Amino acid sequence: MSTSKLNRVGVTVTDVEEFAAVTRHTIGLTWLRPSAEESWPQIKVRFGEHGIQPIQLLEKMAVIRDGLYEVAIEVPDALQTRSTLKDRGVEPVLDIYLPGPDSYEYLYGPDFHGIPLVVCTAGDAERQMALDGPFRGLDEADPPKVGCVALVVDDLDAAVEDFGQVFGMSFVEVDPAGMAERAVVGAHRIKLLENPAASLRHHFLPPLAAIEIMVEDVESVVERFRQVGQSPVLTREFRRGGKIHYFGSVLTVPLGIYHASADPEILGGQTP
């Protein structure tokens with residue numbers, strides 16, 4: 001089994017404080033302001049053990065796209081993966097120094113199947129964030145947290161092959177839940193979609209279809225979303241009970257909400 005897996009998902013938002021406040025109220029996410037932000041005059045950013053990283057641009061930065069700006073994948077050796085991608089003609093747009101672990105992670109543009117990536121060595125991001133207090137990785141953190149990131153690709157079979165060759169990731173076919181014609185997913189918590197449903201495309205943040213978040217009380221979260229004027233655009237039932245609710249845009253970020261007990265079904269029956 002591959003040891004490469006999702007580390008976090010980064011999105012740009014208009015107002016990072018508003019996004020943090022809304023998701024704190026509706027989902028119960030807690031947020032950390034990194035001390036290193038003082039040395040980043042171009043951005044405001046928040047982190048959490050839950051795996052979502054919103055960023056507000058205070059001035060335009062060529063290396064950061066509007067919308068989805070990173071799907072961070074942790075690997076056994078980021079430098080080795082960087083070399084593998086280089087052999088395929090894919091180069092990072094920025095080498096990011098992490099003083100905590102004294103190492104680098106690598107930010108890529110959308111050259112890998114349209115997905116902006118960050119490649120980091122396993123544990124480095126957590127060691128960096130530990131400079132500001134205890135910080136657990138995504139697998140160890142308690143819900144609410146990211147369970148899966150759903151991404152649209154043009155050629156699903158080619159993407160599966162490339163994720164396998166570069167990151168050692170394997171995928172299984174799963175119910176696309178009305179979001180697309182086909183879907184695959186793995187224990188690494190990355191879901192790939194092909195031919196998205198026309199009725200939902202305007203809700204996506206290409207190539208991001210949804211950040212799927214596991215919670216302990218789905219109905220309470222859905223009700224709190226309704227209180228702030230957000231209703232699901234799609235609801236699907238799981239085979240073993242329970243539902244996943246997709247919200248087309250929560251402050252421009254598409255989210256899905258499901259009960260933590262349904263995580264095995266979200267991952268296609270695979271074990272993280």
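The values are calculated or read from the model by the stated rules, or taken from the named source; none is laboratory data. Predicted model, so just to flag it, every value in this text is computed and none were measured. As a convention, Cβ positions derive from the backbone with ideal geometry for all residues, glycine included, and neighbour counts pool all protein chains shown.
Please go through region 83-110 and give me each residue that is within 12 Å of residue 121 (Cβ to Cβ) and aromatic (Phe, Trp, Tyr), ordered by number.
The answer is 104, 106.
Of the conditions (1) in a loop (DSSP other than H, G, I, E, B); (2) surrounded by 18 or more Cβ atoms within 10 Å (Cβ to Cβ); (3) acidic (Asp, Glu), residue 142 fails just one. Which one is it?
(2)
Failed condition for residue 127, given (1) surrounded by fewer than 18 Cβ atoms within 10 Å (Cβ to Cβ); (2) assigned by TED's automatic domain parsing to the domain that holds residue 243; (3) closer than 30 Å to residue 33 by Cβ, with all others met?
Here residue 127 meets the rest and fails (2).
From the set of residues in region 145-163 that are closer than 24 Å to residue 20 by Cβ and among the hydrophobic types (A, V, I, L, M, F, W, C), which is surrounded by the fewest Cβ atoms within 10 Å (Cβ to Cβ)? Spell out the reasoning first.
Taking region 145-163 first, the residues closer than 24 Å to residue 20 by Cβ are 145-151.
The next check asks that each one be among the hydrophobic types (A, V, I, L, M, F, W, C); those that pass are 146, 148-151.
Numbers: 146: 24, 148: 25, 149: 25, 150: 26, 151: 22.
So the residue we want is 151.
When you look at residue 136, is it closer than 26 Å to residue 111 by Cα and surrounded by fewer than 18 Cβ atoms within 10 Å (Cβ to Cβ), yes or no?
Working: closer than 26 Å to residue 111 by Cα: no; surrounded by fewer than 18 Cβ atoms within 10 Å (Cβ to Cβ): yes.
No.
If you check 172, 215, 228, 166, which single one turns out to be in the same structural domain as residue 259 (by TED's automatic domain parsing), crowded, with 21+ Cβ neighbours inside 10 Å and in contact (Cβ under 8 Å) with a residue 60 or more places away in the chain? Even if it seems obvious, please write down each step before you answer.
Numbers: 172 fails: crowded, with 21+ Cβ neighbours inside 10 Å; 228 fails: crowded, with 21+ Cβ neighbours inside 10 Å; 166 fails: crowded, with 21+ Cβ neighbours inside 10 Å.
That would be 215, the only listed residue that is in the same structural domain as residue 259 (by TED's automatic domain parsing), crowded, with 21+ Cβ neighbours inside 10 Å and in contact (Cβ under 8 Å) with a residue 60 or more places away in the chain.
Provide a single number: the residues in region 149-195 that are farther than 21 Å from residue 256 by Cβ and basic (Lys, Arg).
So the count comes out to 0.
Restricting the first residue to region 256-272 and requiring it to be closer than 12 Å to residue 148 by Cβ and not assigned by TED's automatic domain parsing to the domain that holds residue 225, which pairs with a second residue that is among the polar types (S, T, N, Q) and not in a loop (DSSP other than H, G, I, E, B) meet a Cβ separation below 8 Å and a spacing of at least six or different chains?
Matching pairs, first to second residue: none at all.
Evaluate the following for residue 97: is it over 21 Å from residue 35 (Cβ atoms) and touching a Ser or Thr at 6+ places or on another chain (Cβ under 9 Å)?
No; evaluated as a whole, the condition is false for this residue.
Which residue pairs have Cβ atoms closer than 8 Å, lie 6 or more positions apart in sequence or on different chains, and pair a first residue in region 13-26 that is touching a residue at least 24 places away in the same chain (Cβ under 8 Å) with a second residue that is in a helix (DSSP H, G or I) and surrounded by 14 or more Cβ atoms within 10 Å (Cβ to Cβ)?
From residues that are touching a residue at least 24 places away in the same chain (Cβ under 8 Å), the pairs are 13/19; 25/224; 26/221; 26/224; 26/225.
Is it the case that some residue within region 154-162 is touching a Ser or Thr at 6+ places or on another chain (Cβ under 9 Å) and over 23 Å from residue 24 (Cβ atoms)? Give the derivation first.
Here is the first cut: in region 154-162, the residues touching a Ser or Thr at 6+ places or on another chain (Cβ under 9 Å) are 160.
Those still in the list that are over 23 Å from residue 24 (Cβ atoms) too: 160.
Yes.
Somewhere in region 42-65, is a residue within 22 Å of residue 94 (Cβ to Cβ), among the aromatic types (Phe, Trp, Tyr) and in contact (Cβ under 8 Å) with a residue 40 or more places away in the chain?
Checked region 42-65: at least one residue is within 22 Å of residue 94 (Cβ to Cβ), among the aromatic types (Phe, Trp, Tyr) and in contact (Cβ under 8 Å) with a residue 40 or more places away in the chain.
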